[in-house]
1. Heavy-atom accessible area of K223 with all protein chains present, probe 1.4 Å, nearest 10 Å²?
2. Tell me, what is a quarter of the convex hull surface for the C-alpha atoms of segment 130-285, in nm² with one decimal?
3. Could you list the residues of segment 12-37 with an amide nitrogen less than 18 Å from a label point located 7 Å from the Cα of V99 in the Cα-to-C-beta direction?
4. Per residue, how large is the accessible surface of segment 21-134? Use a 1.4 angstrom probe and give square angstrom.
5. Accessible area, 1.4 Å probe, largest first: how do D29, D72 sort?
6. Keeping all protein chains in position, work out how much accessible area S227 exposes to a 1.4 Å probe, and write it in Å² to the nearest 10.
7. Please quote Rg/Rh for segment 117-178 to two decimal places, taking the Kirkwood radius as Rh and restricting both calculations to Cα atoms.
8. When the chain is modelled as a GNM with alpha-carbon springs shorter than 10 Å, which of E174, E141, E78 fluctuates the most?
Amino acid sequence: MLRKRIERQVLSISGLALGGIDFEKPAGDPGLFGPDSITWRIHGDFSSMLCGGVSALLLQMLHPLALAGVWDHSSFREDMLGRLRRTSQFISATTFAPVNDANALIEKVKSIHLRVTGTDAYGTPYAASDPDLLVWVHVAEAYSFLQSHLRYRNPALSVSDQNRYYQEFARVAESLGAVNVPDSVAAVDAYLQAMRPQLRCDERTLEVVRLLQNAPAPSRLAKPVGSLMIQAGIELLPGWAATQLGISLSPLKRRRIRFATRRIAGVLRWAVRNGSWHRAMRRMGRLN
């Protein structure tokens, strides 16, 4: 059946492919946020989250310390799909998993962060557990996920709900050790502007862009869709970030990417019925 084939392809690149977490038990466990949270609403849409995740990674890599941590300690270059699945699992588990599983994964990541240390290409020491660096990584993610949701899922999401999303999702960053996390639309916009003088683009940053543009897919069937989602993520970048990365898209190209992505997103929403959101909603008795 076509729907199930598409769903299998989608779930194969998600955190669910790693297993180890039962999103459907114990019944009634709300997780860290609960089914009525704006975080569940935003993170529950796979298509926009995938586009947002691509954009977030590129934005994160403009920070030389974040880039150095990934470059020195991650298998990103050799195992991009594995990195995608692990990142997806962390986001989906901290959003939708039962409380104990979510907290256990947070503690696991915190312990990994303690081992991620070194010196960047400019001689500056870094540590993944640095509260300021944690804020940068988190804000790049939250901002990108929200921008993607506004473009591809719900453009009418109110500013008050956007603020609520930043407030809710900040809890995960704080659990990892971040402090003074921007938690409103205005605060995030101000933070991104204030960070711009610290951001750099060098050959390693451009290599990340090249790797993403040539990312492998789980199958030949998924390759065109994956390529489109990557282009949509690139197109989501703030103008200043795209310029810094040397990315230029014509207005026509942008319209084509947005049109095609909206069409594909509709197909994926139709096909996926057993994602993390669906399983968590069944755990809460909100979905059959």
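The values are calculated or read from the model by the stated rules, or taken from the named source; none is laboratory data. Small disclaimer: the values here were computed from a predicted structure and weren't measured. For neighbour counting, all protein chains shown are included, and Cβ atoms are generated from backbone atoms with ideal geometry for every residue, glycine included. Ligands, DNA and RNA are excluded from the accessible area calculation, which covers all protein heavy atoms including side chains. Shrake-Rupley method; radii C 1.70, N 1.55, O 1.52, S 1.80 Å.
1. Roll a 1.4 Å probe over it and K223 shows about 80 Å².
2. 11.4
3. Residues 22-37 qualify, since their backbone N sits under 18 Å from the label point.
4. Using a 1.4 Å probe on heavy atoms only, each residue of segment 21-134 averages 40 Å².
5. D72, D29
6. 40
7. Rg divided by Rh gives 1.12.
8. E78
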